[in-house]
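K.L.:
I'd like to ask some things about the structure below.
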Amino acid sequence: MNLEVIINNKEYNVEIERKEKSFLVKIDDEEFDVDATVLKKELYSLIVSNKSYLTNIKSEENKYIVDVNSESFEIEVFDEATKRTVQRKNEAGSGKQIIKAPMPGKIVKILVKEGEEVEPGSGMIVVEAMKMENELKSSSKGVVKEIAVEEGVAVNAGDTLIVVE
Amino acid sequence: MFKKILIANRGEIAIRIIRACQDLNIPTVAVYSEPDRNSLHVGLADEACFIGEAASIKSYLNIDKIISVAKESGSDAIHPGYGFLSENSRFAERCEKEGITFIGPNSEVIEKMGNKTTARKIMAKAGVPILPGTTESIENDDEVFKIAREIGFPIMIKAAAGGGGKGMRIVHSENELKSSLRAARSEAGTAFGNSSVYVEKYLENPRHIEIQVLADKHGNSIHLFERECSIQRRHQKIIEETPSTVVDDKLRERMGIAALKAVKAVEYTNAGTVEFLVDKKKNFYFLEMNTRLQVEHAITEIVTGIDIVREQIRIASGEKLEATQDKIKRNGCAMECRIYAEDPEKNFLPSPGTIRTLRSPGGYGIRYDSSAYEGCNISVHYDPLISKLVVWGKDREEARMRMLRALNEYSITGIKTTISFLKKVISNKYFIEGDIDTNFIALRIEPSSLPSDGNIKIAILTAVIESFKKAEKESLFHDQSTQHKSHWKIAGKWQMWGSRL
C-alpha cells in the first residue's frame, strides 16, 4: 500500500505491507521492520530493530496525533484516492491566515491595525486566559485584512480574531 | 485535635491536605465550584459541598459561602492550601471571629507580611538583611528619582500589596523611570486594588533560595533548611531542589538563623517560608515571607522526614513541635518538577482541555502529587498545574537522573504539557553543574527545538500502521457487503487478524 504522509509541513512517501508477524514499512528510502501491538485502545507498543517504544495515537479520519517520548506530532496520511482532492484544497486556501482564540478569554490588547504589514513572528494580539496574558503571533507574512474583535471583549475558543492575507 | 477539617482549595493541594487529614483520622470536607464537580479532590474527601460558579471570586474566594459551609458541616478548622484565600488576612480574621481555626498564622501576621513595605521595615529592625531601597511606599515621583540616584540603577519598582510578579518593573536608567513608575502603579491598582509602590535595588540574576520554618503556639520554632527555587519562568517557579548547590553549611546556618529571627519578630506560628535573594558573593537579602504552605513543600518533607501539612494541623490545634533544631537532619537530595498544562513552544500558552490518556511514573524514590486522571478536564478557570513530580536521591546526580527517568515514563496526551521542556532543563549542561540563577530559562534554554528525527519516524510508523489497519477493516466490510463470502471465510479472517493485532 502506498501512502503519502505530511508532518510539520514536510512530505514523506511511505510504502507499507503486512508480513507474517510484523509490518514492513519504507519511509522515503529507509526500511523499517516493525513489530506493532495494541496494548489498549490508542496505545501502541512498537519494536523496531529491537528498540522499544510506547506511542499514543488519536485519529480523526486521515489526521492523527501521535505522542512519542512526550513529543506530540500531527500527521496527515493520504492514500491514492484522497491525495488529489487534498491538493486542490491546499491551492485554494493558500496565503490566508486566520488567527483564532486558542481558548476562552479576554482581549487585552490589539497590537496591529488593519492594513498593516506583518512578518512571521509579529505580535498580533494579547489574550488573557487562565490568569495569564498571552501574545498571539503571526505565522506568515501578509497584510492585516480584518480585526474581528475589540479590546476588552470576551472571546470563546475558536473565535476568529484577526485575518491576515 | 480537630473534629473535622474543611479544605478551602482544589486540585493537587486539596488532595495533599485530605491525605494528611486521613492519616490523622480526621474527617474532611471538600468544597467545589460548578466545573469542579468531577474533580478528584471532591471524590477523595469524606464530604463535599458546592460553593458556587466557576469564577474564583464566586467560589474559592467567596469568604461568606465558605464560612457558612464550614459551619453547616460542623468543621472546626479550615486549611486554605496555597493561593486563593491562603494569604488573605480578612479571611483568617473572619475564621477567628466565627470560632473556626484557620490552619496558618493569625490574621495580624498575615497582614503585616502581606504588606511588603511593612515586612521590610520589620525585618530591617529585627536584623534580617534587606535590599537597599525604601521601607515606606512612595507617592511622590520626585522622591523615587532621589532614591534611585542614591542606591544606583538598576532598581526595581514593586507593588506594596503585591506578589506573583504583578506590579513589578525593572528600571535600568533614569529616562525609563517615569513611564515604568506609571505602569507599575496602574498594574498594582488593577491587580491588588492598591496602587502604592516602593523601590528596591535590583539584583542582576540572583538565586532565589528560601527557608522553610515551623513555629508552634508555645514559642518553639525550627527551620527545615533551604529550597533552591531559581528555575523560574514568568517569575514562577518550575523546578525546585534541596539542598541548593550554592549553600554550604555556614551559609545554611546564617540563613536559618535569619529566618528564625523573622519568625520571632512577628511571633509567627504554623508553617511559613522566608524567601531570600542570594547574590554571586553569597550575600543574602530578605525578599518576602510566605505565610502559608508552599507548592514545593514536598522536597523538604522528603529530605527531613517531616510531614509539613501534618505539622500544620498539629500546631493549629495547639500541640507542641515534636522536633528541636538539633534533631533535624537532612537525608540526601530532593527535586521537584511542576507539570503545567502549557505549550512551551508557544511561550507557555495555557493548554486547557481533557486529558485523553495518562501514564504516571512510579518506582523507588518517586513521589507523585496530582489531581489528574484519564478523562479529567484541566479547566480554563484555574491555575494550569497538573501535577508535581518529586524525587529523592542520595546525592544530587542520583536525584537528577531519577527525575529524568520519571519524566521519560510520564505520558499525558490530549493537551500540551511542560514535560518535554522539563526534560530539556534537567539535561542542560549548566543545570547538571548546578550553575543556575533566576535568568536560567531565558539564558540557557531554547524555547523551541526541532523534534528529534527518531521520534518523527516512530510517529510516522504508528500513524501508517493505524491507517493501514483501518483500510484493512474497511475492505473487510466491503468484502462482506458486496461479495457474499462464506461466513467461514470471514470468521477465519477475523481470527487471523485478532491473533496478530
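K.L.:
Local charge sum around B:I18 (other residues, Cβ-Cβ under 13 Å, Lys/Arg +1, Asp/Glu -1)?
P.N.:
0
K.L.:
Which value, in Å³ per residue, describes the convex hull spanned by the Cα atoms of region B:190-250?
P.N.:
Roughly 191 Å³ of hull volume per residue.
K.L.:
Dividing the convex hull volume of the alpha carbon atoms of region B:103-218 by its residue count, what do you get in Å³ per residue?
P.N.:
124 Å³
K.L.:
Another question, then. Hey, what did chain B get for relative contact order, percent, Cα under 8 Å, at least 6 apart?
P.N.:
It comes to 12 percent, rounded to a whole number.
K.L.:
For the charge dipole of region B:5-103, defined by +1 on Lys and Arg C-beta atoms and -1 on Asp and Glu C-beta atoms about the Cα centroid, which residue among B:G43, B:S59, B:L24 has the Cα displaced farthest towards the positive pole?
P.N.:
Working it through, the farthest residue towards the positive pole turns out to be B:S59.
K.L.:
In addition: Hey, if you put +1 on the Cβ of every Lys and Arg and -1 on every Asp and Glu Cβ in region A:97-164, which of A:V144, A:A101, A:V164 ends up farthest toward the positive end of that dipole?
P.N.:
Most positive-ward Cα: A:A101.
K.L.:
Output the Kirkwood hydrodynamic radius of region A:2-92, Cα pairs only, in Å rounded to one decimal. The partial results should precede the final answer.
P.N.:
Values: mean 1/r = 0.0696 Å⁻¹.
Evaluated on region A:2-92, it is 14.4 Å.
K.L.:
Hey, what's the per residue convex hull volume over the C-alpha atoms of the protein assembly as shown, in cubic angstrom? Present the calculation step by step, with values, prior to reporting the outcome.
P.N.:
On the way: hull volume 125.1 nm³, N = 666.
Per-residue hull volume (Cα only) is 188 Å³.
K.L.:
OK, next. Taking amide H atoms as placed 1.01 Å from N in the peptide plane, list the residues 5 or more away in sequence, or in a different chain, whose amide H sits under 5 Å from that of B:F348.
P.N.:
Under 5 Å from the amide H of B:F348 lie the amide H atoms of B:D343, each far enough along the sequence or on another chain.
K.L.:
Still on this model: Once Rh is set to the Kirkwood radius over Cα pairs, what Stokes-Einstein translational diffusion coefficient, in µm²/s, holds for chain A at a temperature of 4 °C and a viscosity of 1.567 mPa s?
P.N.:
For the chosen part, D equals 68 µm²/s.
K.L.:
Roughly how big is chain A's charge dipole about its Cα centre, with Cβ charges of +1 (Lys, Arg) and -1 (Asp, Glu), in debye to the nearest 20?
P.N.:
Magnitude of the dipole: close to 400 debye.
K.L.:
Estimate the FRET efficiency between B:R234 and A:K96 by the formula 1/(1 + (r/R0)^6), using the beta-carbon distance for r and 45 Å for R0, to the nearest 0.05. Display every interim value, and only then the final one.
P.N.:
On the way: r = 32 Å, r/R0 = 0.72.
According to the calculation, E is roughly 0.90.
K.L.:
Quick one: B:M289, A:M1, B:M168, fewest Cβ neighbours within 10 Å first, how do they rank?
P.N.:
Ordered from fewest to most neighbouring Cβ atoms within 10 Å, B:M289, A:M1, B:M168 come out as A:M1, B:M168, B:M289.
K.L.:
List the DSSP H helices in chain B whose Cα atoms stretch 18 Å or more along the helix axis and whose mean Kyte-Doolittle hydropathy is at least -1.0.
P.N.:
Values: long enough: B:11-23 (19 Å, 0.32); B:174-192 (27 Å, -0.67); B:249-265 (24 Å, -0.16); B:396-409 (20 Å, -1.21); B:453-483 (44 Å, -0.33); B:487-500 (20 Å, -1.08).
Helices meeting the criterion: B:11-23, B:174-192, B:249-265, B:453-483.
K.L.:
Rounded to a whole number, what is D in µm²/s for chain B from Stokes-Einstein with the Kirkwood radius over alpha-carbon pairs (20 °C, 1.002 mPa s)?
P.N.:
The estimated diffusion coefficient comes to 86 µm²/s.
K.L.:
For region B:5-103, what is the convex hull (Cα atoms) projected area averaged across all directions, in square nanometres? List each step's numbers first, then the result.
P.N.:
Values: hull surface 21.1 nm².
About 5.3 nm², averaged over all directions.
K.L.:
Just want to confirm a number: the relative contact order over region B:184-257, from Cα pairs under 8 angstrom separated by 6+ residues, in percent.
P.N.:
Once normalised by length, the contact order is 20 percent.
K.L.:
Okay, moving on. Rounding to the nearest 20 debye, state how big the charge dipole of chain B is about its Cα centre with +1 on each Lys and Arg Cβ and -1 on each Asp and Glu Cβ.
P.N.:
960 debye
K.L.:
Residues of A:69-81, mean number of Cβ from any other protein chain within 10 Å of their own Cβ, rounded to a whole number?
P.N.:
6
K.L.:
Same structure, new question: Treating the angle as unsigned and between 0 and 90°, give the value, to the nearest 10°, between the Cα long axis of helix A:80-92 and the longest Cα principal axis of chain A.
P.N.:
Around 20 degrees separate the two axes.
K.L.:
About its Cα centre, how strong a charge dipole does the protein assembly as shown have in debye, to the nearest 20, once Lys and Arg get +1 and Asp and Glu get -1 at the Cβ?
P.N.:
With Lys and Arg at +1 and Asp and Glu at -1, about 1000 debye.
K.L.:
Could I ask something else about it? Can you tell which of B:G152, B:T190, B:N140 lies farthest toward the positive end of the dipole of region B:132-201, using +1 and -1 charges on the Cβ of basic and acidic side chains (Lys, Arg; Asp, Glu)?
P.N.:
The residue sitting most towards the positive pole is B:T190.
K.L.:
Turning to a different aspect of this structure: What is the spread of the Cα atoms of region A:97-164 along each of their three principal axes, largest first, in whole Å?
P.N.:
For region A:97-164, the Cα spread along each principal axis is 30, 19, 18 Å.
K.L.:
Next question. Suppose we keep just the DSSP beta bridges with both residues in the protein assembly as shown; what percent of those would be antiparallel, to 5?
P.N.:
90 percent
K.L.:
Can you give the calculated 222 nm mean residue ellipticity of the protein assembly as shown, where each DSSP H run of n ≥ 4 adds -39,500 (n - 2.57) and the sum is split over every residue, rounded to the nearest 500 deg cm²/dmol? List each step's numbers first, then the result.
P.N.:
On the way: 18 runs with 211 residues, N = 666.
Rounded to the nearest 500, the figure is -10000 deg cm²/dmol.
K.L.:
Using a 10 Å cut-off around each Cβ of peptide B:349-356, what is the average number of partner chain Cβ atoms that fall inside?
P.N.:
Working: counts 9, 8, 3, 6, 2, 0, 0, 5.
For peptide B:349-356, the averaged partner shielding equals 4.
K.L.:
Now for a different question. Could you work out the local net charge near B:A184, counting Lys and Arg as +1, Asp and Glu as -1, over the other residues with Cβ closer than 9 Å to its Cβ?
P.N.:
Here the count lands on +3.
K.L.:
Further question on the same structure: Could you please report the charge total around B:I441, scoring K, R as +1 and D, E as -1 over all other residues with beta-carbon less than 12 angstrom from its beta-carbon? Provide the component values of the computation, followed by the final result.
P.N.:
Working: positive: B:R233, B:R234, B:K237, B:K424, B:R444; negative: B:D437, B:E446.
Combined, the nearby Lys, Arg, Asp and Glu give +3.
K.L.:
Okay, moving on. Once you have the Cα-Cα distance between B:E446 and B:F477, take 0.36 nm times their residue separation minus that, and quote the gain in nm to one decimal.
P.N.:
Gain in length upon complete extension: 6.2 nm.
K.L.:
Let me have the relative contact order for chain A, percent, based on Cα pairs under 8 Å that are six or more residues apart.
P.N.:
For chain A, the relative contact order is 16 percent.
FYI, it's all coordinate maths here, none of it is from the lab. Bear in mind that the values here come from a model prediction, so they are computed numbers and not experimental data. Cβ coordinates were reconstructed from backbone atoms using ideal geometry, including for glycine residues, and neighbour counts include every protein chain displayed.
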